[in-house]
Every structure is written in structure tokens, then in C-alpha cells.
Amino acid sequence: KAGVTQTPRYLIKTRGQQVTLSCSPISGHRSVSWYQQTPGQGLQFLFEYFSETQRNKGNFPGRFSGRQFSNSRSEMNVSTLELGDSALYLCASSLLEGGSTDTQYFGPGTRLTVL
Amino acid sequence: AQTVTQSQPEMSVQEAETVTLSCTYDTSESDYYLFWYKQPPSRQMILVIRQEAYKQQNATENRFSVNFQKAAKSFSLKISDSQLGDAAMYFCAYSKLLGGKLIFGQGTELSVKP
């Protein structure tokens, strides 16, 4: 099976712009979670989607949003970019049969740089 | 709130030797999952091992094994016969039984000396 894929792999934006990141889960996986990784804050949970519904949300401002499509692919959007949004954004997918937690498998990440 | 703590920012091991990475966590839940993930310089997060809290038996995966002490809320990773390819950042992570949210520790950077 193909792994989790994320596009694009690298992005450079300027402050005030918005950005959309995409994630395709492993085939058959219905849950997608997003994480932000920075040297200062480490790995922080952004949100989780299951069957097109946001099930969990981390402690991030409303500028961070996401959605999931019927084929389980997910996108996250960051509006009005700030310098502090520069990070590696990781997507993870899991089976989540019956709603119970299952192992999350990660994509290669999208490296976002905000100038 | 649940927390995960890795108190060793860096560790070093000689090739073919054994090394143990420490992790402690805090939770009021009785059932949960614990994970060790590896992140090499490529930044791809790779699952190393998983432990279900309701299982008393420690998980093992080839050269990787854990020492899960539920009462002490401790979850250490032992790497036997260390290889150069084991050099990476290792993250301990916790998730509730019904959650989908991973809580990560700060990471331990492991270097392997030839």
C-alpha cells in the first residue's frame, strides 16, 4: 500500500498570505490528523478529521482550519500567515474502525517558511 | 491534562551496544496507548513500537522493546544491537483509547558511534 502523501513538500510564503496544504491518507484509512512541528514548541496537535467531521481540535487560533473530503483526503488552510507559522506540518492517517484509536502513520510533511 | 516527558534531550551509543531511552507520562485514564516514533534527518516520522496500557506484557519489535511500568507511568525504549541507521530523534507519544490525538514528548536525539 502507498503511504501517506503530502503536497507540496516545501512552501515559501510571505506574511499575510494564506496557504493550503494537502494530505492523502493510506488507502482505507478514514481518520486524518494534523500536527505542527517547530524547534521551540515541538510537536503539537492541530486537528483530527473522521468521516468528513472534525472530531478533535488543538489549541490553535482560528486562522488554522481544515476539512476532509468524502475520499478521506484532507486539506488544512492557514490564513493571514505570521512568521511564527513557519514549521513542518505533518499529516497522519489511521484506520479508526469503530471510532477507537488506532496507530497513526505519518506522511513526509510539508515544510512551510513564512518570510 | 495528559503530559509526556522525555528527560534526556540527547543520548549516544556505540554501534552494537544497547541503549535505553526514558519516557514518563501523566494521565488519569486507565486505558490508553503509548508509542515510540523515530524521526530521522529526512523528517519522516516512523512508528517504532506500540503498547496498549491494558496489556501487561511489554511490546517487542525485533531489536526494539519497551519496559512499561503502568503504576509508575513510565515507558522506556530499549534498542539492542544498535545500528548506524538507528540514529534519529525519538519521540514518546500518548493517546487516549478513544481520541485520535497524539501527545508527544520533547524528543531524545540518539547518535550512534561506529
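The values are calculated or read from the model by the stated rules, or taken from the named source; none is laboratory data. Just so you know, these numbers come straight off a predicted model, no measurement behind them. Here the Cβ is made from the backbone with ideal geometry for all residues, glycine too, and neighbour counts use every protein chain on show.
Summed over the range A:76-98, residues that are out of contact with any Cys (no Cβ under 7 Å at 6 or more places or on another chain) and surrounded by 13 or more Cβ atoms within 10 Å (Cβ to Cβ) total 16.
Against the list (1) closer than 25 Å to B:Leu97 by Cα; (2) modelled with pLDDT of 90 or more; (3) within 13 Å of another protein chain (Cβ to nearest Cβ); (4) touching a strand residue (DSSP E or B) at 6+ places or on another chain (Cβ under 7 Å), the condition A:Ser24 fails is (3).
Residues of the range A:29-54 that are under 17 Å from B:Gly100 (Cα atoms) and either in a loop (DSSP other than H, G, I, E, B) or free of Cβ contacts under 8 Å to residues at least 12 places away in the same chain (or both): A:His29, A:Arg30, A:Ser51, A:Glu52. When you go through A:Thr113, A:Thr53, A:Thr103 one by one, which is the residue that is of a type in the set (Ser, Thr, Tyr), surrounded by fewer than 17 Cβ atoms within 10 Å (Cβ to Cβ) and facing another protein chain (nearest Cβ under 8 Å)? It is A:Thr103. In the range B:66-80, the residues that are in a loop (DSSP other than H, G, I, E, B) form Cβ pairs under 6 Å with partners that are not charged (D, E, K, R), at six or more places apart or across chains, as follows: B:Lys73/B:Thr24; B:Lys73/B:Tyr25; B:Ser80/B:Thr18. Applying the condition of being in a strand (DSSP E or B) and over 15 Å from the mean Cα position of the chain (by Cα) to the range A:1-21 and asking which residue is farthest from the other protein chains (Cβ to nearest Cβ) yields A:Lys13. B:Ile49 satisfies every condition listed in (1) within 14 Å of chain A (Cβ to nearest Cβ); (2) over 30 Å from A:Gln6 (Cα atoms) except (2).
Inspection of the range B:102-113 identifies no residue that is free of Cβ contacts under 8 Å to residues at least 24 places away in the same chain, in a strand (DSSP E or B) and more than 30 Å from A:Phe50 (Cα to Cα). For A:Phe47, the conditions (1) under 24 Å from B:Val48 (Cβ atoms); (2) of a type outside the set (Val, Ile, Thr); (3) within 10 Å of chain B (Cβ to nearest Cβ) are fulfilled apart from (1).
Checking the structure you have, find out if any residue of the range B:33-43 is free of Cβ contacts under 8 Å to residues at least 40 places away in the same chain, part of a loop (DSSP other than H, G, I, E, B) and over 26 Å from A:Gln41 (Cα atoms). Checking the range B:33-43: not a single residue is free of Cβ contacts under 8 Å to residues at least 40 places away in the same chain, part of a loop (DSSP other than H, G, I, E, B) and over 26 Å from A:Gln41 (Cα atoms).
Screening A:Thr38 against (1) in contact with a helix residue (DSSP H, G or I) (Cβ under 9 Å, 6 or more places away or on another chain); (2) surrounded by fewer than 18 Cβ atoms within 10 Å (Cβ to Cβ); (3) farther than 30 Å from B:Gln51 by Cα leaves a single unmet condition, (3). Determine if the range A:72-94 includes at least one residue that is modelled with pLDDT under 95, out of contact with any Ser or Thr (no Cβ under 8 Å at 6 or more places or on another chain), away from chain B (no Cβ under 12 Å) and assigned to a loop (DSSP other than H, G, I, E, B). There is no residue in the range A:72-94 that is modelled with pLDDT under 95, out of contact with any Ser or Thr (no Cβ under 8 Å at 6 or more places or on another chain), away from chain B (no Cβ under 12 Å) and assigned to a loop (DSSP other than H, G, I, E, B).
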